[in-house]
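The values are calculated or read from the model by the stated rules, or taken from the named source; none is laboratory data. Model, not experiment: these values are computed from the prediction. Using ideal geometry, Cβ is built from the backbone for each residue, glycine included, and neighbour counts are taken over all protein chains shown. Only protein heavy atoms, including side chains, enter the accessible area calculation; ligands, DNA and RNA are left aside. Shrake-Rupley method; radii C 1.70, N 1.55, O 1.52, S 1.80 Å.
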Protein chains: 2
Amino acid sequence: MYKAPVEEIAFTLKHVAGMGEALSKGLLGDLGEDLVDAILAEAGRFATEEVAPLAEIGDRQGARLADGEVRLPDGWRDLYRNWIAGGWNGLTAPEAFGGQALPHMLNVAALEMWNSGSMAFALAPTLTMGAIEAVSAHGSAALKDKYLEKMVSGEWTGTMNLTEPHAGSDLGVLKARAERRSDGSYRLFGQKIFITWGEHDAAENIIHLVLARLPDAPAGTRGISLFLVPKFLVNDDGSLGARNDLFCHSLEHKLGIHGSPTCTMIYGDGKFGDEKGAVGWLIGEENKGLACMFTMMNNARLAVGMQGVAICEAATQKAVAYARERTQGRAPGWSGAGMSPIVEHPDVARMLLTMKALTQGARAISYACAHAIDMSHRAGEGHRHWQERAALLTPIAKSFSTEAGVDVASLGIQVHGGMGFIEETGAARYLRDARIAPIYEGTNGIQAIDLVTRKLPLSGGDQVKGFIAELREIADSVRCSNLDGFGDTAARLDAGIADLEQATDWLLKTLADEKAAEALSGATPYQRLFGLVLTGCYLAKGGLAESGDGGSDGRIALCRFAAENLLAETAALRDRVVNGAASLAAARILLA
Amino acid sequence: MYKAPVEEIAFTLKHVAGMGEALSKGLLGDLGEDLVDAILAEAGRFATEEVAPLAEIGDRQGARLADGEVRLPDGWRDLYRNWIAGGWNGLTAPEAFGGQALPHMLNVAALEMWNSGSMAFALAPTLTMGAIEAVSAHGSAALKDKYLEKMVSGEWTGTMNLTEPHAGSDLGVLKARAERRSDGSYRLFGQKIFITWGEHDAAENIIHLVLARLPDAPAGTRGISLFLVPKFLVNDDGSLGARNDLFCHSLEHKLGIHGSPTCTMIYGDGKFGDEKGAVGWLIGEENKGLACMFTMMNNARLAVGMQGVAICEAATQKAVAYARERTQGRAPGWSGAGMSPIVEHPDVARMLLTMKALTQGARAISYACAHAIDMSHRAGEGHRHWQERAALLTPIAKSFSTEAGVDVASLGIQVHGGMGFIEETGAARYLRDARIAPIYEGTNGIQAIDLVTRKLPLSGGDQVKGFIAELREIADSVRCSNLDGFGDTAARLDAGIADLEQATDWLLKTLADEKAAEALSGATPYQRLFGLVLTGCYLAKGGLAESGDGGSDGRIALCRFAAENLLAETAALRDRVVNGAASLAAARILLA
């Protein structure tokens, strides 16, 4: 059973991702280390003791639709009530509406633990947080006053309605429509698919944020508006009024995250209310809906990255525990009586250490991204730098962590042998749950396009180059540390960073030459390359911090394993970026 | 929907895997190209038209246990009857018992197609073929006469009962026991788990091959005997007698292959018959049961490899079809109206081409392994060489193909975007089914141990060195072809082969120095390295053959894509083998 790794998380936040420095410089307001530790401990307890025990039943029963109502798995309504009671929903939300306005770093750390407990359950608050953020940033004062407090408390949940059957990665072609009404409200019509927690029985009301098109809107992405559409209309005194004209038509039958209801939502079908059309209110300006979505995209994408980290951690814990218990064969050098625990077999140890290194790497990248987001919220001279850093790290955090989630979960099954294929073991669920994360909130391919075409050119390439220079400093510190335990780490980091730099330069030049197809051919390998180099560097940073502390909980050894076993891949990835496009283009005849 | 790629399969058999040469030299008996083509066409038709349409219902319903009886999914009993009627069960079985004694190359090609249709269904004949092989090779004349004909026809199916809860990879500790009876029969007692098609309603009788221990047997693997234990006892006239004392206690709830009943079998519990104990007969000699199993291991492992190839092919077909249909966004260079098909996006094209290259590579390796098995069955001077070649190729075919199955199925989901996560789409099933193949019939980690410790040392290392020399000839042929389409292929193959050679030499030396732990630390990366180099070389062989034919169906382009995009990984793999052990050993403190 999952146990939240609170100390590991605190270490990574403070010593790798930048929270320690931010705290000591007073950049995080009144927040002190004691409060950080207390919040992490309590979030960990909630994840371990309350969420995780209900994950399996959630997977087995799934969310069920009957007569338009969605029933959550047994125990989940109470779990959600405990969630609200714990005040977890508003960790980063504005204080004016009952939130705690804490740094995102704390929130992503807590999100990781809740997702490790049950990714399907944690999706509910994840979506609500996104909705709170959009309303906070772009909603009118009236909308904020009416909706935010109950969303922040969690009494009402939120959703994001973007996708339509023909409009997934490309939202420009969406067809849901909105009509203006004379009282300033709108009426919405259309179908939305893949709506996470679109309908359920754990909250009094559900606040849908819906992208739709006005009758006179321009075509494409510049003609999309964002609307707030509540399941129940809300009276001026805050009490709930009539049911709005929207409903959940069906639930998807999915590979994983069974406890999370994935809904097809129908708006304006005339099922409820006197007049056809779901009543909604504009968020932000007309036709600027996508811009509103973009402001929250870093956080939402990072939140999905946390799902990857969360699965990595939970799957690794499970596999390590099994490999220590299960005995089979005699490993080389095993001197015990009878069979050795399988953890003693080099091949099993290799799988487990790979899982640990990927978990730690993904975690560090994601926390560093949250740190950049937190820093970017401060005004002053560093504002733009941190905004760019957050923008640069977001696609890497999302893609690297979610890919790691799939790979680590799959390795976890392998470690379990035949038992891994049996559902009751629980290892398979991690793979089933993990598999959606590289897809939603922008597929990892879309992340790679974003990274290469929008993020690399930030500040004319200076942002990425500055980042690479910082990575070099880490490699130098490893070299200067003269610690034997690092083995060949410094040289391996140098090589990886050089690969990253060459690939970066090539991409910047190729983009400048307007050879988009060539640059995009290498986007995914480049994204992976970046994540792998960051993994090596952040593990090294952790190792250096540990050595400073005089500790020896194996960080340096794990860093060395990653440097000497995983980082060798960077040369192949660089090669794919720099040399791969021509053969890819030539081989397209096979796909015609 | 899957359509058997009969022409591609025939091409690979004849021009890459060695069947063409074997046919022209008359090494395959009376078999001619016309018969090969006819069998492939008809096997393909059966897979496409009869098996594939029943795959989804098999997955959805699964096999169900009620009152000790296992009901197959709707339509599967008829499907199995059609299977028997088609005569497919005895393709390679001895003619004396109604088989066709055809080469294994043909059988694995057919197996690939049936597994693409439904891996869960194809498991039934796969297990029966293994049982036929064991009885043919080691059974007494009386056993053969009594059982083989009906097993060859498929009227009776066969199973393999090896695993017990505490005995998986390590069979030496199994506890099932057998007692001698004065009439020469035995009585068996014990529990076996993970028994594929252990009970079902499609055949009149089920012939279980069971590993068990005699009371006076030595401990460990040298005290295991193999028994034939039928579900129904068989009278001397061949009619069915009493029910034997064995039953299916429960079915596993698995990640995939739902239509295949995975049974816990109980022997000798007294549920049936007058006297406790399941009646069985010895196969081979007492205490030599494992040796009997080993003779069929190459075929069984290769058969699992075919499952990997099969999933690769089916998942790739599905993803390519979707990517051609689905439109989204505008790819760079797209000049059509509106959105482009997603196949036009470089990132999607990269995924699809990677899937195609891995599919073709895994197929070629597996067919080459079958070719070696076929050649090894001929007496004469080449016998030992081909026996060794088959032994060397088997772990690579099993592991590379099954890993490719998982990776390709996962990429297939990614290509489908959100739809890939929806079960009705069918892409997710391929991943769920594929995930068992790297585990059973010897985990891929066990394959790697086998490859490094037993196969590399064959003929003092000359077998593997001779093979590497053959690969160099392929690289040379590419260079000498002077075909522009190959791009940098020759140099890439040279580099990959050099990596393979260095890693091989290092492993042979490290084994000679009796540093088992160090050698085994790199076993899995080495196995992958070997498979990747073979993929490049066999794709090149196909390209060269195509150029000789004057054809241009893209083989050279696919080879170039693999050489310039996938083979760069060989350096990292070689590095892991040669340099990875020390850091792996040092990092073990993290697992203590």
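How large is Rg/Rh for segment B:220-372, to two decimals, with Cα atoms and a Kirkwood Rh?
1.22
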In this model, which of B:Lys146/B:Lys288; B:Lys144/B:Lys254; A:Lys3/A:Lys150; A:Lys254/B:Lys318; A:Lys14/A:Lys398; B:Lys144/B:Lys455 are farther than 25 Å apart at the alpha-carbon? B:Lys144/B:Lys254; A:Lys3/A:Lys150; B:Lys144/B:Lys455
C-alpha long axis of helix A:523-549 to longest principal axis of chain A, angle in °: 60 degrees
When Rg is the radius of gyration of the Cα atoms in segment B:445-580 and Rh is its Kirkwood radius, what does Rg/Rh come to? 1.03
Per-copy distances of the B:Gln61 label point, shortest first, in nm (7 angstrom along Cα→Cβ): 2.8
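Would you list B:Arg363, A:Arg60, B:Arg77, A:Arg472 from the most to the least accessible area, probe 1.4 Å?
Values: B:Arg363 0, A:Arg60 150, B:Arg77 100, A:Arg472 80 Å².
Final ranking, largest accessible area leading: A:Arg60, B:Arg77, A:Arg472, B:Arg363.
Write down Rg/Rh for segment B:310-460, rounded to two decimals, with Rg from the C-alpha atoms and Rh from the Kirkwood relation over Cα pairs.
Rg/Rh for segment B:310-460 comes to 1.13.
Using unit Cβ charges (K, R positive; D, E negative) and no other charged atoms, how large, in debye to the nearest 20, is the dipole of segment A:6-294 about its Cα centre?
On the way: 25 positive and 39 negative charges, 217 e Å.
In debye, rounded to 20, segment A:6-294 gives about 1040.
For chain B, calculate the relative contact order in percent as a whole number, restricting contacts to Cα pairs under 8 Å that are 6 or more residues apart.
On the way: 1128 pairs, mean separation 73.4, N = 592.
This gives 12 percent for chain B.
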Considering Cα pairs under 8 angstrom that are at least six residues apart, work out the relative contact order of segment A:443-583 and quote it in whole percent. 34 percent
Taking every pair of distinct Cα atoms and averaging 1/r, then inverting, what Kirkwood hydrodynamic radius in Å comes out for segment A:1-109? 15.8 Å
Identify the GluC sites (Glu not before Pro) of segment A:361-413 meeting these criteria: DSSP loop state and at most 13 other C-beta atoms within 10 Å of the C-beta. A:Glu381
To the nearest 20 debye, what charge dipole does chain B have about its Cα centre, counting +1 at the Cβ of each Lys and Arg and -1 at the Cβ of each Asp and Glu? 1180 debye
Cross-link reach from B:Lys276 to lysines, straight Cα distance under 18 Å and at least 8 residues apart if same chain, gives B:Lys175, B:Lys192, B:Lys231
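Stick to the Cα atoms of segment A:96-146, pair each with every other, and give me the Kirkwood hydrodynamic radius in Å at one decimal. Intermediate results must be reported in sequence, preceding the final value.
Details: mean 1/r = 0.0820 Å⁻¹.
Over segment A:96-146, the inverse of the mean reciprocal pair distance is 12.2 Å.
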Go through A:Ala491, A:Phe467, A:Ser477 and say which Cα lies farthest out towards the positive end of the charge dipole of segment A:454-496; charges sit on Cβ, +1 for Lys and Arg, -1 for Asp and Glu. A:Phe467
Return the carbon/sulfur percentage of the accessible area of segment B:445-580, one whole number, probe 1.4 Å, all protein chains in place. 49 percent
In Å, what Rg and Dmax follow from the Cα atoms of segment B:32-184? 17.5, 53
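Mean residue ellipticity at 222 nm from the helices of chain A, using -39,500 (n - 2.57) per DSSP H segment of n ≥ 4 over the full residue count, to the nearest 500 deg cm²/dmol?
Values: 21 runs with 297 residues, N = 592.
Computed mean residue ellipticity for chain A: -16000 deg cm²/dmol.
Write out the trypsin sites (Lys or Arg not before Pro) in segment A:161-228 meeting two conditions: DSSP loop, and at most 11 other Cβ atoms within 10 Å of their Cβ. Let's see the in-between values first.
Numbers: sites: A:Lys175, A:Arg177, A:Arg180, A:Arg181, A:Arg187, A:Lys192, A:Arg213, A:Arg222; in loops: A:Lys175, A:Arg181.
The qualifying sites: there are none.
Do you know the relative contact order of segment A:296-441, to the nearest whole percent, from alpha carbon pairs under 8 angstrom that are 6+ apart? Intermediate results must be reported in sequence, preceding the final value.
Working: 220 pairs, mean separation 50.6, N = 146.
Rounded, it is 35 percent for segment A:296-441.
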Using a 1.4 Å probe, how large is the accessible area of A:Ser140, given in Å² and rounded to the nearest 10? 50 Å²
Quote the convex hull volume per residue of chain B, based on C-alpha atoms, as a whole number of Å³. 168 Å³
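For segment A:244-335, run through the GluC sites (Glu not before Pro) and keep only the ones in DSSP coil with at most 12 other Cβ atoms within 10 Å of their Cβ.
Working: sites: A:Glu252, A:Glu275, A:Glu285, A:Glu286, A:Glu313, A:Glu325; in loops: A:Glu252, A:Glu275, A:Glu285, A:Glu286.
Within segment A:244-335, the qualifying GluC sites (Glu not before Pro) (loop, at most 12 other Cβ atoms within 10 Å) are A:Glu275, A:Glu285.
D for the protein assembly as shown, whole µm²/s, Stokes-Einstein with Kirkwood Rh over alpha-carbon pairs at 37 °C and 0.692 mPa s: what number?
Rounded to a whole number, D works out at 105 µm²/s.
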With only alpha-carbon atoms counted, please give the Rg and Dmax of segment B:371-476, in Å. 18.2, 57
Measuring label to label, 7 Å along Cα→Cβ, what does A:His383 give against each other copy in nm, shortest first? 8.5
Using a simple spin-label model with points 7 Å from Cα along the Cα→Cβ vector, what separation in nm is obtained for B:Trp334 and A:Asp494? 4.5 nm
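What is the Cα radius of gyration of segment A:6-294 over 2.2 N^0.38 Å, N being its residue count? Intermediate results must be reported in sequence, preceding the final value.
Values: Rg = 19.4 Å, N = 289, 2.2 N^0.38 = 18.9 Å.
Dividing the Cα Rg of segment A:6-294 by 2.2 N^0.38 Å gives 1.02.
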Under 20 Å from a point 7 Å along the Cα-to-Cβ line of A:Glu155: which residues of segment A:85-103 have their amide N that close? A:85-101
In Å, the C-alpha Rg and Dmax of segment B:263-324 are 20.9, 64
Can you tell which of A:Gly554, A:Asn235, A:Ala434 lies farthest toward the positive end of the dipole of the protein assembly as shown, using +1 and -1 charges on the Cβ of basic and acidic side chains (Lys, Arg; Asp, Glu)? A:Gly554
Two pseudo-spin positions, 7 Å from Cα along C-beta at B:His377 and at B:Glu204, lie apart in nanometres by 2.7 nm
For label points placed 7 Å from Cα toward Cβ, what is the shortest-first list of nm distances from A:Lys25 to its copies? 7.3
Convex hull per residue volume in Å³, alpha carbons only, for segment A:213-255: 168 Å³
At B:Gln502 and B:Ala38, where each label point lies 7 Å from the Cα along Cα→Cβ, what is the point-to-point distance in nanometres? 5.3 nm
On complex formation of A with B, accessible surface lost, both sides summed, probe 1.4 Å, nearest 100 Å², amounts to 7300 Å²
What cysteines in chain A have no other cysteine with a beta carbon less than 4.7 Å from their beta carbon? A:Cys292, A:Cys312, A:Cys369, A:Cys480, A:Cys537, A:Cys559
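How much FRET efficiency would the formula 1/(1 + (r/R0)^6) give for B:Cys480 and B:Glu95, where r is the Cβ-Cβ distance and R0 is 51 Å, rounded to 0.05? Mind showing how you got there, number by number?
Working: r = 44 Å, r/R0 = 0.86.
With a Förster radius of 51 Å, E is 0.70.
Give me the percent of accessible area attributable to carbon and sulfur for segment B:298-442, probe 1.4 angstrom. Intermediate values should be presented prior to the final figure.
Values: 1970 of 3820 Å².
Answer for segment B:298-442: carbon and sulfur cover 52 percent of the accessible area.
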Electrostatic dipole magnitude of the protein assembly as shown [Cβ: Lys, Arg +1; Asp, Glu -1; Cα centre; debye, to 20]: 240 debye
